[in-house]
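Scroll down for the structure; my scribbles are underneath it.
The values are calculated or read from the model by the stated rules, or taken from the named source; none is laboratory data. Since this is a predicted model, take the numbers as computed values, not measurements. Glycine gets a Cβ as well: all are built from the backbone with ideal geometry, and neighbour counts include every protein chain shown.
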Amino acid sequence: MPEGEEFVVTPYEVRGHIDYARLRELFGTQEVTSEILAKFHHLTGGDLHPLLTRGVYYSHRDLAALLDGFANGKPFFLYSGRGPSGPLHTSHLVPFDLCQWLQKRLGVPMYIQITDDEKFWARSGLTREESVRWGYENLLDILALGFDPKRTHVFFDSRSIAALYPLAIRVARKIPYSTVKAVFGFEPSTNIGLVFYTALQTVPCFWPSWAEGRSVPCLIPCGIDQDPHFRVTRDIAEGLGYPKPALLHGQMIPGLLGEAAMSTSGDRPDNALFLNDPPNAVDRKVRNAFTGGRATVEEQRRLGATPEVCSVWALWRTRFAESEEKFQEVTSGCRSGSLLCGECKSQVLERVHAFLKAHAEAREKVRDWAEGTVVTTAPKPL
């Protein structure tokens, strides 16, 4: 971000009070408008995903053209990924929730990249063994969301390198060091693995086009902090003969302690709601979570609370309101002061515990086919 901004959003750091309208202007992206939502509604043939209707996904690049192409019979595929450095928390699931919904509604392929290499390069305290182990554990959590085994493919970077490398070579040749240095702010001390990583992350964007010998557009739902990676990808796409990937950007999900984003940082474990948290830890974290409430019950009854700054409201917004009616009930009750923070936390806790239990059961059921999703060979010579 430009010097002097009150917030920072990069692929490697998120902090401050994020002005999302300002961030969209700074990144030069387009707003997800009512017209875009109408296109989604028409194509998916039913109610939209809450992540779309509640404005969590709010920004895009070239999404309208991709949806128009699909409406006219031009297929596309989905791509998202995870850099494994620890257990997943609930906000990590947000892009995969939307991808699973889109895959189910539209029948499109899904490509997932587990970047165990990138996290090893980026985290000085992370061992190779840990990045590989967490990569596999994270993959189980992602697949447990209900992806179609016949349409879902995984690049586990250290295991898929023979598949990725032939195209990564061509990609890397198109990206000058000055570009990645300017985009990511790399210092002279940055290891060369991170410099090369953008080439590896680009490969899945072009994979079906390479494999099928025709132009197959890509849609990447991701946090807006990941946009810089794919700006580089979009800059070189046409020079390689491939379509520019379209992007659909989500807002960052605030941490339970009131920070700009949930984090896996070990020094503030209560800032995130991890999928492997035991029930007593879940209770403690939600009970102590930062809210938009007032100092006293009387004041909150009289003035109401502010849901937009509340980490508990963010849980309702992204996953735990089972219907739009419930979400509006929670939101209006918060604003009016009729729903106090303690009761709000109790209600969401019931849903959190139920979700984590069901998710753990689903996770065990995907172990048998998880290995079979990993791509290990290139589709054809280059």
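Remarks
- Segment 302-343, residues that are in a loop (DSSP other than H, G, I, E, B) and of a type in the set (S, T, Y): T306, S323, S338
- With respect to the conditions (1) modelled with pLDDT of 95 or more; (2) surrounded by fewer than 15 Cβ atoms within 10 Å (Cβ to Cβ), E308 lacks only one, and its number is (1).
- Residue within segment 14-30 that is closer than 23 Å to F274 by Cα, surrounded by fewer than 21 Cβ atoms within 10 Å (Cβ to Cβ) and among the basic types (K, R) present: yes
- Segment 142-182: number of residues that are out of contact with any Lys or Arg (no Cβ under 7 Å at 6 or more places or on another chain) and assigned to a helix (DSSP H, G or I): 28
- Considering (1) modelled with pLDDT under 95; (2) assigned to a loop (DSSP other than H, G, I, E, B), the lone condition that L48 does not fulfil carries the number (1).
- Meets criteria (over 22 Å from F96 (Cα atoms), charged (D, E, K, R) and out of contact with any Lys or Arg (no Cβ under 9 Å at 6 or more places or on another chain)) for E371: no
- Selection from segment 81-116 of residues that are part of a helix (DSSP H, G or I) and among the small types (G, A, S): S91
- Scan of segment 125-141 for residues that are over 27 Å from F76 (Cα atoms), among the small types (G, A, S) and not in a loop (DSSP other than H, G, I, E, B), ordered by number: S131
- Any hit, segment 130-143, residues being touching a residue at least 12 places away in the same chain (Cβ under 8 Å), surrounded by 14 or more Cβ atoms within 10 Å (Cβ to Cβ), closer than 24 Å to R231 by Cβ and in contact with a Pro (Cβ under 7 Å, 6 or more places away or on another chain): no
- Residue in segment 228-264 that is farthest from the chain's Cα centre (by Cα), counting only those that are assigned by TED's automatic domain parsing to the domain that holds R54 and of a type in the set (S, T, N, Q): T233
Residues are listed down the side, and each one gets a yes or a no for (1) assigned by TED's automatic domain parsing to the domain that holds S209; (2) outside any helix (DSSP H, G or I); (3) surrounded by fewer than 16 Cβ atoms within 10 Å (Cβ to Cβ):
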{"residue": "K345", "(1), (2), (3)": "no, no, no"}
{"residue": "E350", "(1), (2), (3)": "no, no, yes"}
{"residue": "H353", "(1), (2), (3)": "no, no, yes"}
{"residue": "T377", "(1), (2), (3)": "no, yes, yes"}
{"residue": "P381", "(1), (2), (3)": "no, yes, yes"}
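- Failed item, numbered, when S215 is tested on (1) more than 30 Å from C310 (Cα to Cα); (2) part of a helix (DSSP H, G or I): (2)
- Criterion violated by D227 - all others in (1) at pLDDT 95 or above; (2) touching a helix residue (DSSP H, G or I) at 6+ places or on another chain (Cβ under 7 Å) satisfied: (1)
- When K119 is tested against (1) of a type outside the set (G, A, S); (2) part of a helix (DSSP H, G or I); (3) modelled with pLDDT under 95; (4) loosely packed, with under 15 Cβ neighbours inside 10 Å, just one condition goes unmet, and that condition is (4).
- Considering residues of segment 245-280 that are outside any loop (DSSP other than H, G, I, E, B), out of contact with any strand residue (DSSP E or B) (no Cβ under 9 Å at 6 or more places or on another chain) and at pLDDT 95 or above only, the residue surrounded by the most Cβ atoms within 10 Å (Cβ to Cβ): P279
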